[in-house]
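The values are calculated or read from the model by the stated rules, or taken from the named source; none is laboratory data. This structure is a prediction, so every number in the text was calculated from the model and none was measured. So basically every Cβ, Gly included, is an ideal-geometry build from the backbone, and we count neighbours across all protein chains shown. What goes into the accessible areas is simple: the full protein's heavy atoms, side chains included, and nothing from ligands, DNA or RNA. Shrake-Rupley method; radii C 1.70, N 1.55, O 1.52, S 1.80 Å.
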Amino acid sequence: MGQPVRDYLLTLCVTAAVTYLLTGPVRKFAIAVGAMPAIRARDVHREPTPRLGGIAMFGGLCAGLIVADHLANLDGVFDLSSEPRALLSGAALIWLIGVLDDKFEIDALIKLGGQMIAAAVMVLQGLTILWLPIPGVGTVALTQWQGTLLTVALVVITINAVNFVDGLDGLAAGMVLIASAAFFLYTYRLWYGHAIEAAAPATLFTAILMGMCLGFLPHNMHPARIFMGDSGSMLIGLVLAAGAISVTGQVDPDTMKIFEGSERQATHAMLPVFIPLLLPLTIIAIPAADLVLAIVRRTWNGQSPFAADRGHLHHRLLEIGHSHSRSVLIMYFWSALIAFGAVGYSVHSASMWIVLVIVGLSALGLILLLMPRFTPRAPLWAQRVVPPRYRRRRRPAAEPEAASAAGPEGQQGPLEGQMGQEGEEPEPAPRARVAAGVSGVNGATAIGPRSRFSDRRKADSTRR
């Protein structure tokens, strides 16, 4: 087999083009069928936005698989493995459940059951974890039940992690795009660099996943014209999990041929190489952390783990003071740092400069993350050359002495409505600042006033 990088690029481009072209008609279809739920208290967007973007993404997935089946360097994946068919079967099932949920708001437990069934369908067709390389022990073969349970658990965790992080425009699609790009580099190196044919399906899955996210992002960036909904977030989560399961359960450490000695010593020496295999959640570390924190937070507060709230990582970034776009870019930065850092360390674990670069970028990320907490003020001599936000505010020369006469509601005292001493208009009261992301900003929206959403805890669904 020749170097198939051009075939992968062609598959990626076709998947992205089909997804991009289908998203416009899907948006009109979602509006026509009424898949535009009302804005809830925890939502960040200001206008009702159609969902069902997963329909276009599923179309891109099918187009990518069809194109890959007709390419010379990729058709062997379909002849030698049943994993592409397993992926398509599980993706079709989870996509159908997501479409129904986007339109009819099905129960969270029903969705969880559907996710487990979709994972079981892939297991029955051969997409499962067969063994695990454990440092200090060696390669541990799993029984059929152990492999099935581990596969189903990994699929469900990945799907819900991606679903939980889908809270800002372009956030989930961009983070999965970054994760799949890093994972593609790793799996492609396993296949072409080490001649491991078992890594070919995972490489194809990640290439198609990149095309799905890349084609949908132009429609989903802030301000989003359409949301992917659960039909899209669960779909890309399943495809990402399928790639990790394929390469984890099918690649034998002995085929690497990059070490000498016993199997136990080989597995221990290959620990950096197997970081993305043993811990595929490092590729989606940010969504996984958000999922764990949400479950702990809700359980600690006596709520159901499926109850909705405004405590996700992206909500906290908005509360700190970041704008919508800046919050998304910060999440992108941390996802790229963790994903590409893990892959880079697995390739060159002996290079100290990789660790130093990761530490330096982490420090930079913390500075960017906490920047709104600090508002630096320029010295007096530089007041005229810095932006207004960094200038020192000068207090007025004379403070109004009648401020204490105002009522509890901001109303004035007995002199309300009277003119000043020399006929001047009384100065208007300063407006109260409103926190970003809180409902009620900018008055009413297309569906009417937002005052009925004052209680953030009254969220009726686990989705945005």
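Scan the range 90-118 and report the pairs whose first residue is within 15 Å of VAL33 (Cβ to Cβ) and outside any helix (DSSP H, G or I) and whose second residue is open to solvent by less than 30 Å² (accessible area, probe 1.4 Å) and hydroxyl-bearing (Ser, Thr, Tyr), with Cβ atoms within less than 9 Å and a gap of 6+ or a chain change. Within 9 Å, the pairs are GLU105/SER461.
When the range 202-239 is filtered for residues that are open to solvent by 10 Å² or more (accessible area, probe 1.4 Å) and assigned to a helix (DSSP H, G or I), the ones remaining, listed by number, are MET210, LEU214, LEU217, PRO218, HIS219. The condition of being in contact with a Phe, Trp or Tyr (Cβ under 7 Å, 6 or more places away or on another chain) and either of a type in the set (A, V, I, L, M) or in a loop (DSSP other than H, G, I, E, B) (or both) holds for only one of VAL162, VAL140, VAL176, VAL123, that being VAL140. Entry remark, the range 71-99: residues being of a type in the set (A, V, I, L, M) and open to solvent by 80 Å² or more (accessible area, probe 1.4 Å) number 3 in total. The single condition among (1) surrounded by fewer than 18 Cβ atoms within 10 Å (Cβ to Cβ); (2) under 24 Å from the mean Cα position of the chain (by Cα) that ALA181 does not satisfy is (1).
Restrict the check to the range 230-245 and report whether at least one residue is hydroxyl-bearing (Ser, Thr, Tyr), modelled with pLDDT of 60 or more and under 27 Å from SER81 (Cβ atoms). Yes: the range 230-245 contains one or more residues that are hydroxyl-bearing (Ser, Thr, Tyr), modelled with pLDDT of 60 or more and under 27 Å from SER81 (Cβ atoms). Scanning the range 284-309 for residues that are open to solvent by 50 Å² or more (accessible area, probe 1.4 Å), among the hydrophobic types (A, V, I, L, M, F, W, C) and at pLDDT below 75 yields a single hit, PHE306. If I filter the range 90-98 for residues that are over 17 Å from ASN163 (Cβ atoms) and at pLDDT below 95, do I get at least one hit? Scanning the range 90-98, I find no residue that is over 17 Å from ASN163 (Cβ atoms) and at pLDDT below 95, so the answer is no. LEU168 satisfies every condition listed in (1) open to solvent by less than 10 Å² (accessible area, probe 1.4 Å); (2) in contact (Cβ under 8 Å) with a residue 60 or more places away in the chain; (3) part of a helix (DSSP H, G or I) except (3).
The set of residues in the range 46-70 that are farther than 21 Å from ASP169 by Cβ, open to solvent by 30 Å² or more (accessible area, probe 1.4 Å) and either acidic (Asp, Glu) or touching a helix residue (DSSP H, G or I) at 6+ places or on another chain (Cβ under 7 Å) (or both) comprises VAL67, ASP69. The set of residues from the range 333-370 being in a helix (DSSP H, G or I), open to solvent by 40 Å² or more (accessible area, probe 1.4 Å) and touching a residue at least 60 places away in the same chain (Cβ under 8 Å) comprises PHE340, TYR345, VAL347.
Selection within the range 310-363: residues that are within 17 Å of the chain's Cα centre (by Cα) and of a type in the set (D, E, K, R). The member of this set that is modelled with the highest pLDDT is ARG326.
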